[in-house]
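Below: one structure, written as structure tokens.
The values are calculated or read from the model by the stated rules, or taken from the named source; none is laboratory data. From a predicted model like this one, the values you see are computed outputs, not experimental measurements. Using ideal geometry, Cβ is built from the backbone for each residue, glycine included, and neighbour counts are taken over all protein chains shown. Just the protein is used for accessible areas: all its heavy atoms, side chains included, with ligands, DNA and RNA removed. Shrake-Rupley method; radii C 1.70, N 1.55, O 1.52, S 1.80 Å.
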Amino acid sequence: MAYSTDTRSICEGDTYVAIRGDRYDGHDFVQDAFRKGAIRAVVETRIEGVNPNQLDIVPNAILYLAQIASKNVRQSGAQVIAITGSVGKTTTRNAVTEVLQMAGPVVSSVGNLNTLLGLSLTLANRHFDSNSRLVLEMGASQKGDLSEICQYYTPDISIITNVRGVHLEMLGSIQGVEREKSELVRALSPTGIACLNADDELTRAMVSVCKGQHIFYGMSTDAHIQPHNITATVSLLGDHVIYILMAAYAAGIAVGIDPVTINQGLSRIKPEKGRLNQLPARAGASLIDDSYNASPAAVKLALDVLSKSSAQRRVVFLGDMLELGDREEEDHQYILKMAAKVSDYIIGCGPRMEKASMTLRSELGYEIQCFPESMELASELSHGRVYSPQPGDVILVKGSQGARMERVSRALLSEEISAESVLARQTEAWLSI
């Protein structure tokens, strides 16, 4: 029996879990779930027209699912490797997965399922035992998220990539971000191991709340894992990739894998959809698709990659960055000024980028063309307006998830490449929004 929260992908014999969300209430689709083959439904209220014997009525559907998944984890005895940080969580998760798969079965969280609900869906639907390792990316957008997740899935090994100014609107300050990320270290028992970025001051400081052992990785002279430990050749873009490799190496050491095998695992890493993935663009240009999400720190990394690329022209499409709180205007201006230094052509997308571009018009000496949202921009590009790729162009597309900049990447992608195979958010569920 599998659990599903989406009637669009439900299968015969599934149990449907009705979730109340910001946009939709899953209780409105319970009857549809049964028509499509569900045999039971987890709900928070009675559903008219549905046999009560087919319903599990619970106070909170998400917590109900979390309790089931948590019980599975505890009874299995599987080892939990938890990963968080402001930038690089997903690529680090995949690097750690590749390394740990060299030594046994691994269940890894997938896509953007890094919330309590997403992780619970993954772990309720997967089989694992005491020989398994669970590599779980854990995300937080507000205070208490990670503490709650750790209550259900207590880490044996915690990896913190860095602390940056993301989700400031909800977490209040960089100190608030640090406190939230540190929950993964605080949750460790005396037998646990924290893998910490030694070059990030706020991450390094988490050693003070670690009850177990720690492994520092980075350029610092006291780091246990340093760049010279990495001998694998990988096809990922950017100087920052070394930190991802060192974090995964640290995880390998933490579970007892030898250095040669660790590097063999690292050599298998492939770029993720929407994360600095270099793809063929139309007219022989090159596309750096980094459209999955964005924060000032992540955009800075992407612009650094662009600046070091060999190109006739460097073109940047920048979507709004979200959840920046009081720093919103300052950070958008900062990013646009940085983009102006490394690119030949900038196109903004979203009201925040448009406001920043208008503010900087006199300073930059020109006005950056902006569009209110990505669907309109993608349509213009598809019809050959706004910008036409040329051979030798290197194009960067970047923006927060809410900006939906993958639409822009799709419009620029080579006609010979299937968008579904290389771009993020190409499922029916996403394309219908």
Checklist outcome for this item: Within the stretch 175-208, the count of residues that are in contact with a His (Cβ under 8 Å, 6 or more places away or on another chain) and assigned to a strand (DSSP E or B) comes to 4
Checklist outcome for this item: In the stretch 350-367, anything out of contact with any Cys (no Cβ under 7 Å at 6 or more places or on another chain), surrounded by 18 or more Cβ atoms within 10 Å (Cβ to Cβ) and within 22 Å of Ile433 (Cβ to Cβ) is listed as Gly350, Arg352
Item to check | Residue count for the stretch 115-128, restricted to those that are under 15 Å from the mean Cα position of the chain (by Cα) and open to solvent by less than 30 Å² (accessible area, probe 1.4 Å) | outcome: 3
Checklist entry - Would it be correct to say that Glu406 is over 26 Å from Ser9 (Cα atoms), touching a Gly at 6+ places or on another chain (Cβ under 8 Å), at pLDDT 95 or above and of a type in the set (Asp, Glu)? => result no
Checklist entry - When you scan the stretch 1-64 for strands (runs of 3 or more DSSP E) that lie fully inside it, which ones turn up with 3 or more residues that are among the acidic types (Asp, Glu)? => result none
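Kindly indicate the residue of the stretch 146-169 that is of a type in the set (D, E, K, R) and in contact with a helix residue (DSSP H, G or I) (Cβ under 7 Å, 6 or more places away or on another chain) and also most open to solvent (accessible area, probe 1.4 Å) among those meeting that condition. Before you say what the answer is, go through the steps one by one.
Going through the stretch 146-169, the residues of a type in the set (D, E, K, R) turn out to be 148, 156, 164, 169.
Among the residues that remain, those that are also in contact with a helix residue (DSSP H, G or I) (Cβ under 7 Å, 6 or more places away or on another chain) are: 148, 164, 169.
Values: Glu148: 68, Arg164: 87, Glu169: 113 Å².
Ranking the qualifying residues of the stretch 146-169, first place goes to Glu169.
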Checklist outcome for this item: Result of the Cβ filter at 7 Å on the stretch 392-413, keeping first residues that are under 17 Å from Pro372 (Cα atoms) and partners that are of a type in the set (D, E, K, R) and at pLDDT 95 or above, at least 6 apart or interchain, is Val397/Asp289; Val397/Asp290; Lys398/Asp290; Gly399/Asp320; Ser400/Asp320; Ala403/Asp320; Met405/Lys398; Ser409/Asp289
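Restricting attention to the stretch 406-420, which residues are more than 18 Å from Val386 (Cα to Cα) and either part of a helix (DSSP H, G or I) or open to solvent by less than 60 Å² (accessible area, probe 1.4 Å) (or both)?
Taking the stretch 406-420 and keeping what is more than 18 Å from Val386 (Cα to Cα), we get 415-420.
Matches in the stretch 406-420: Ile417, Ser418, Ala419, Glu420.
Filtering the stretch 368-403 down to residues that are in a loop (DSSP other than H, G, I, E, B) and open to solvent by less than 50 Å² (accessible area, probe 1.4 Å), which residue is nearest to Cys349 (Cα to Cα)?
Across the stretch 368-403, the extreme among qualifying residues is Gly399.
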